[in-house]
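The values are calculated or read from the model by the stated rules, or taken from the named source; none is laboratory data. Bear in mind that the values here come from a model prediction, so they are computed numbers and not experimental data. Ideal geometry is used to build each Cβ from the backbone, glycine not excepted, and the neighbour counts take in all protein chains shown. Accessible surface areas use protein heavy atoms only, side chains included; no ligands, DNA or RNA. Shrake-Rupley method; radii C 1.70, N 1.55, O 1.52, S 1.80 Å.
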Amino acid sequence: MSARTIDTGAAGRSGIWVDGRFFRDGPDKYFVKGVTYGPFAVGSHGAPFPEAETAARDFALMIEAGINTVRVFTVPPVWLLDAAATAGLRVIAGLPWSQHIAFLGSEATKERVRRAVLDGVRSCGRHPAIFAYLIGNEIPPDMIRWHGAEAVKRFLAELHAVVKAEHPGALVSYANFPSTEYLVVDFADFLCFNVYLRNEHAFRRYIARLHNIAFDKPLVLTEFGEDSMHSSEAVQAEALSWQVGAAFSAGVAGTCVFAWTDEWFTGGHPIEDWAFGLVDKDRNRKPSFAEVARAYSGPIPPPLPHAPRVSVVVCACNAETTMEPCLVSLERLDYPDYEVVVVNDGSKDGTRAITERHPYARLINQENRGLSVARNVGAEAATGEIVVYTDSDCVADPDWLTYLVGTMERGGLAACGGPNFPPPENSLVPAAVAVSPGGPCHVLIDDEIAEHIAGCNMAFRRDVLLGLGGFDAIFRAAGDDVDICWRLQDAGYAIGFSPAAMVWHYRRNTVEAYLGQQRGYGKAEALVYAKHPQRFNRFGQAMWTGRIYGDLSSSLLLGRTARIYSGVFGRGLFQSLYERPTSLPQHLPMTFEWGVVAPVLALAGLVAGGWWSLLVLPLLLTWTICLVGAWRARIDPRFSGLQARALVALLIWLGPVVRGYERLKWRLKALRAAAPEPAADGLRPSLSWRDRGFVLSYWSEHGEEKEALLGGVMAAAVAHGYAAVMDTGWGGWDLTVSRGVLDRARILVAAEDHGGVKRLYRLRCRPLLSGAARGGGGLLAVGALLLVLGWPVAGAVAAIAGAFTCAGIAWQMYRFAGRMRRLTDRAAAEAGLTALDLPDRGPLPTGAPRTA
């Protein structure tokens, strides 16, 4: 098998281009170190810019301050672009238009806007000094609310296409601001935001939020600054110092300080009541000039105040196709103190030989023992305070460790992760597979704290990781990252997220490999379920409390809607988009069970004809979701035709089916492998209609707390293959015990004090009516209705099916109640409690307890 080279497009590229979260100028990273320029009064040349001599002096002074990019708010004339190029500056050109009026009110108005944008681009003549075009700047919230966010977004996409058609290869974006944060222009080449926050903590937190909105694109702060007139020049200098430093340490791709000079005009009139410039109107330097020059002339990202030693661990098994680029990237990391440990987990190919060609890496060879064991071996061998993991099919950004460790150090975090992005593929099938759901992704509780970080990009304090016992050896190929994240959180640790700490991670490049990966994930989910059942729904799918990033799955949920917070009368300063938590019904059409049943129902409906054709609807719903998801998938434009989208739609359907089948198969294996249930002891469950279950009583002479009984029930249930979940305090019960979709019960325990340390415990076990049982009752009702309407055959079929379903469910619940009775009796006995026979549920009689 030939080696895969992870080429993100650097080879042979010239000019500025986007490479994940950052820009590159040819093969080198390019950070925008910018300043805004203007608008000014109209000069003798007829443009709203200073005279040519003044502009040339300004540009020379900018170079002295370390500035490399100038943002202008109006279309720059060619002579200004020439002067910028001569000075060594690039220009972000604003394309102004009438965005403060109801611009979508008529087709004539929209056409005038399109023409203004097109004329602006044409007048620049594809000048090499152009860094990017901005197709708008801070559209007022009232105008967006008036037209609707989606309509405005579509129109901006039209303007984006106009610019791309006139200047192919140019970068295009839109300058947004917090008051319209919900206007996500995901078609832009990079994200631009104007942010004015005077508190450093709030500033850093908002940058984290913007990173997550930008997701896999560069983030540029196109405006921020401090008014020296209403504060002081010293305050301005201090503010810009920490703002630029905080922005670059947080991983932004560029900043544009507002503004270069205090000379500033709007609507042709001078602004006299503020002074945001680094220089005054006469171009005298303020103290802020020196602070910005210091920040712009230093290394980016800024060096960490404390850089603890880091051990990068790569676990590899038969990884010869990607091992070389991985090790090359790790050798080029820009971090002062790190080592690389490669754990070769029984590879049979050239993995070992490739690693030995890189003597900087410490190689550990072992027999194949699985991923978790290999990761533990790497952690044990590590000499660093922090252990960082990546995969052998990943290429790390040179600043990966700086961003990752910086986030951990600033937050005092025990663990941290970063994003992983698929690099560009060179053929249709890999490009389609790369965007299909089910790949490695991260889950965020908020903008800075993660619920889950992907195993290909995660870091831990070594002492914390080893203190938790490391990774569970049961996970040989996947699931270890999910398990360790939940164990960390259960132990009280927070997991941070560093959005700029990126790695390129190859996805599977064939349909067969993709489906194999989904099978592996299905098995892993079954194993994780056995340890964390409370975090899964009844279909065995993980129920994340946070939001999933980096995967198409979240857009496939049925009824997934989001709401905009606009503030009273639309006056909110930070108008955000909020998504509702997901529920089980939203997941149903993309489950294994639905995927298997829907085609069968559709076939039966088509064969039967008539109203039975309604049975096709479940399958049509699934395929509608698949097609919509494929349409939304961000496929490489080179391969985004119908063939690629059809393949993505097919994988959206196949992935959950394959994954769900493996999950179910391994859960059934786990049940068979579980400890045998307690043998029947002749005791019947004694179901009570009054209690909708059964009530048991237990006596203690030693004053144990009820937690001893509940803990014993949980342990006994788990040992016999059940899931036992504690109530979080919002329900009227203590435990939910389940085994599959049908067998579920809720347990409540109450303790009575009887003097001294004597206690009586009353345990109520209430089997839950399953959805299948409710469906059976529904079938009976439908059957009765059909009989009344004069459809005897259909009514009889529905009634008989409902009756059989109800009878089967009732028998299943009765058997389950018996098993629960035996489990609770065993748990009570192991806790030293005595079972009592109190059929009337009344008070305990005086004297010795009556044993059951």
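Per-structure values
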quantity: Cβ-defined net charge surrounding H306, 15 Å radius [Lys, Arg +1; Asp, Glu -1]; calculated: 0
quantity: Within straight-line cross-link reach of K286, lysines at Cα separation under 25 Å, skipping those fewer than 8 residues along the same chain; calculated: K33
quantity: Where trypsin sites (Lys or Arg not before Pro) fall in DSSP loop in region 187-238, at most 12 other Cβ within 10 Å; calculated: R198
quantity: Karplus 3J(HN,Hα) series, Hz, for region 396-402 with 6.51 cos²θ - 1.76 cosθ + 1.60 (x for Gly, Pro); calculated: 8, 5, x, 9, 3, 5, 4
quantity: Amide hydrogen neighbours beyond the local backbone of C315, cut-off 5 Å, H modeled; calculated: V343, T390, S392
quantity: Within the chain, helix-based [θ] at 222 nm, where runs of 4 or more DSSP H residues each add -39,500 (n - 2.57), nearest 500; calculated: -12500 deg cm²/dmol
quantity: Computed magnitude of the charge dipole of region 463-551 (debye, nearest 20; Cβ of K, R +1, Cβ of D, E -1); calculated: 300
quantity: Hits among aspartates and glutamates - C-alpha to C-alpha of K281 under 12 Å, sequence gap 8 or more where chains match; calculated: D58, D262, E263, E272
quantity: Sequence of W79, W611 when ordered by accessible area, the most exposed leading, probe 1.4 angstrom; calculated: W611, W79
quantity: Charge dipole of the chain about the Cα centre (unit charges at C-beta), most positive-ward option of G245, G384, I652; calculated: I652
quantity: Net charge over other residues, Cβ less than 11 angstrom from the Cβ of G417 (K, R count +1; D, E count -1); calculated: -2
quantity: Relative packing of peptides 230-236, 170-176 - highest average C-beta neighbours within 10 Å first; calculated: 170-176, 230-236
quantity: Pairs from K523/K706; K531/K669; K110/K164; K531/K758 whose Cα-Cα separation, in the structure shown, is over 24 Å; calculated: K523/K706; K531/K758
quantity: Charge tally in the Cβ shell below 10 Å around F177, where Lys, Arg are +1 and Asp, Glu are -1, F177 excluded; calculated: -3
quantity: Percentage of interatomic Cα-Cα distances in the chain larger than 35 Å; calculated: 59
quantity: Area of L603 that stays accessible when all protein chains are in place (1.4 Å probe, Å², to 10); calculated: 110
quantity: Under 19 Å from the Cα of K29 - lysines, other chains or at least 8 residues apart; calculated: K217
quantity: Charge dipole magnitude, Cβ of K and R +1, D and E -1 - the chain, Cα centre, debye nearest 20; calculated: 3320
quantity: Where R285, R309 fall by accessible area, highest first, once all protein chains stay in place (1.4 Å); calculated: R285, R309
quantity: Listed residues W260, W146, W666 arranged by accessible area, highest first, probe 1.4 Å; calculated: W146, W666, W260
quantity: Sequence-distant residues sharing a close amide H with L171 (under 5 Å, placed H); calculated: Y133
quantity: In sequence order, calculated HN-Hα J values of region 355-366 (Karplus, 6.51, -1.76, 1.60; Hz; x Gly/Pro); calculated: 5, 5, 6, 10, x, 5, 8, 8, 9, 10, 9, 8
quantity: Inter-part distance where region 628-657 and region 465-485 are each reduced to a Cα centre, Å; calculated: 33
quantity: Portion, in percent, of the accessible area of the chain that falls on carbon or sulfur, probe 1.4 Å; calculated: 59
quantity: Whole-Hz couplings from phi, Karplus 6.51/-1.76/1.60, listed for region 288-302; x for Gly and Pro; calculated: 5, 4, 5, 5, 5, 4, 5, 5, 6, 8, x, x, 10, x, x
quantity: Long-range amide H partners of L768 with built H, under 5 Å; calculated: R744, A745, R746
quantity: Antiparallel DSSP beta bridges within the chain, as percent of all bridges there, nearest 5; calculated: 55
